[in-house]
Amino acid sequence: ECTGALAGATFLRHLQQFTMIEYPTNIKLSVKSDNQGMINSLQARQKYSDPFPNSTLVPDWDLLEEIHQTYAQVWHNKQEYAWVRGHQDDRLSTEQMESDVRYNIRADQLAAEYTTLVSTTNCRVVPLLHQTKCMIHIKGISQTGHYKSAIRSAASEADYFQYLQRRHDWTQSTLHAVDWEVFRQANRTYLSTEVHLLKLVHDKLPTNLQKSRYYKWVQPQCHFCSAPDTFEHLCTSDCNPRSITFQKQTIQAINDYFEATNTPQPFQDAFSDALQMWLRQNTQTPWTQFRGPSRLFLQQQTIGWTQMSRGFLSTEWQQYLRHTWKLHQSEQWESRNLAPPSPIRCNAS
């Protein structure tokens, strides 16, 4: 959204420079977006002239300041910023929408088409804008916010990665095959506490096996069978109805998410096969079918099917999703724009 707002301001500035005219002062300029955080930040920025040092630490400050300064040049800071509720096409028809709502929906469509049909790669190095003056880079990646956590992560990553290699018997290439971007995003959206997340990722949840190491009177076996009571066993076993229910609910929840997000069917098939491989790898009927690329299969197998449930996914998953999504979007675009025109019928009288 910030990039789109800056694009609009830059267009007005270039239009003014090209035509060598001053915009009439009686024209009202309204900048609207469904990103309420951006709108609130830009509204607050209009209340003072010079940026405060602490304000420069706000995430995406480089874009926000560039938007403010660009509009200040062409519109003398008399523009207004307004929030528009996004995704109203889920509950309103086109006839019921206001013009700004329709424009917002169309902007989302154009942005989605660009990211899937033109550029699918993330920009690791952010261009230095006119108002930014300086920017911090860590390991060749631009940092545009959350500087404290970024510096702490960079300082501790080496020791953490060495621990993971020892614990999971990973090589250096296997470590680099893990999609750490997806891992971090999953951590940020986890609903429970950080302590619970830490125990889940590193297999330290208080199962009978874990408790038996500290309390000698606790039996390490499962309540329903003689197998060691590990979290992996509780998830994949068929020895009790709760585990079976969990497996069914997990599969259904993932399928519902895929349907709600319109995920391409080839990716759904591959992920469903990988999920079955994890759930049935310790059963008498292991899952052997995989409908995805062989490179994806081999890379995730090296990382571990069990590790999928803990957030350690192969980088090939993201590449395959982008590939299938791009094909899906191309097919939709062709159906909308390259469909043959309907024949014209005339009734002779």
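Restricting to region 148-193, name every residue that is open to solvent by less than 80 Å² (accessible area, probe 1.4 Å) and either charged (D, E, K, R) or touching a Pro at 6+ places or on another chain (Cβ under 9 Å) (or both).
E157, D179, E181 - these are the residues of region 148-193 that are open to solvent by less than 80 Å² (accessible area, probe 1.4 Å) and either charged (D, E, K, R) or touching a Pro at 6+ places or on another chain (Cβ under 9 Å) (or both).
I'd like to verify a number: residues in region 235-255 that are within 26 Å of Q268 (Cβ to Cβ) and open to solvent by less than 70 Å² (accessible area, probe 1.4 Å), how many?
Qualifying residue count for the region: 12.
Being modelled with pLDDT of 90 or more and open to solvent by less than 60 Å² (accessible area, probe 1.4 Å) is the filter here; which residues of region 320-345 pass it?
Listed by number, the residues that qualify are Y320, T324.
With (1) in contact with a Leu (Cβ under 9 Å, 6 or more places away or on another chain); (2) on the phi > 0 side of the Ramachandran plot as the list, and H76 as the residue in question, which single condition is left unmet?
(1)
How many of the residues in region 307-325 are closer than 20 Å to E259 by Cβ and basic (K, R)?
Residues in region 307-325 being closer than 20 Å to E259 by Cβ and basic (K, R): 1 in total.
Mind checking which residues of region 199-214 are among the basic types (K, R), over 15 Å from H168 (Cα atoms) and either open to solvent by 80 Å² or more (accessible area, probe 1.4 Å) or touching a His at 6+ places or on another chain (Cβ under 9 Å) (or both)?
The answer is K199, R213.
Residues that are at pLDDT below 90, open to solvent by less than 60 Å² (accessible area, probe 1.4 Å) and part of a helix (DSSP H, G or I): does region 114-124 have at least one?
Within region 114-124, one or more residues are at pLDDT below 90, open to solvent by less than 60 Å² (accessible area, probe 1.4 Å) and part of a helix (DSSP H, G or I).
Filter region 49-64 for residues that are assigned to a helix (DSSP H, G or I) and under 21 Å from the mean Cα position of the chain (by Cα); which is surrounded by the most Cβ atoms within 10 Å (Cβ to Cβ)? Lay out the reasoning, then the answer.
Residues of region 49-64 assigned to a helix (DSSP H, G or I): 54-57, 61-64.
Restricting the remaining residues to those that are under 21 Å from the mean Cα position of the chain (by Cα) gives 61, 63.
On the way: W61: 19, L63: 21.
Across region 49-64, the extreme among qualifying residues is L63.
Considering each residue of region 270-319, count those that are among the charged types (D, E, K, R) and exposed (fewer than 15 other Cβ atoms within 10 Å of the Cβ), and give that number.
Going through region 270-319 one residue at a time, the tally reaches 1.
The values are calculated or read from the model by the stated rules, or taken from the named source; none is laboratory data. Owing to the predicted nature of the structure, the values given are computational and were not obtained by experimental measurement. Here Cβ is always computed from backbone atoms with ideal geometry, including for glycine, and neighbour counts include all displayed protein chains. The accessibility values were calculated without ligands, DNA or RNA, using every heavy atom of the protein model including side chains. Shrake-Rupley method; radii C 1.70, N 1.55, O 1.52, S 1.80 Å.
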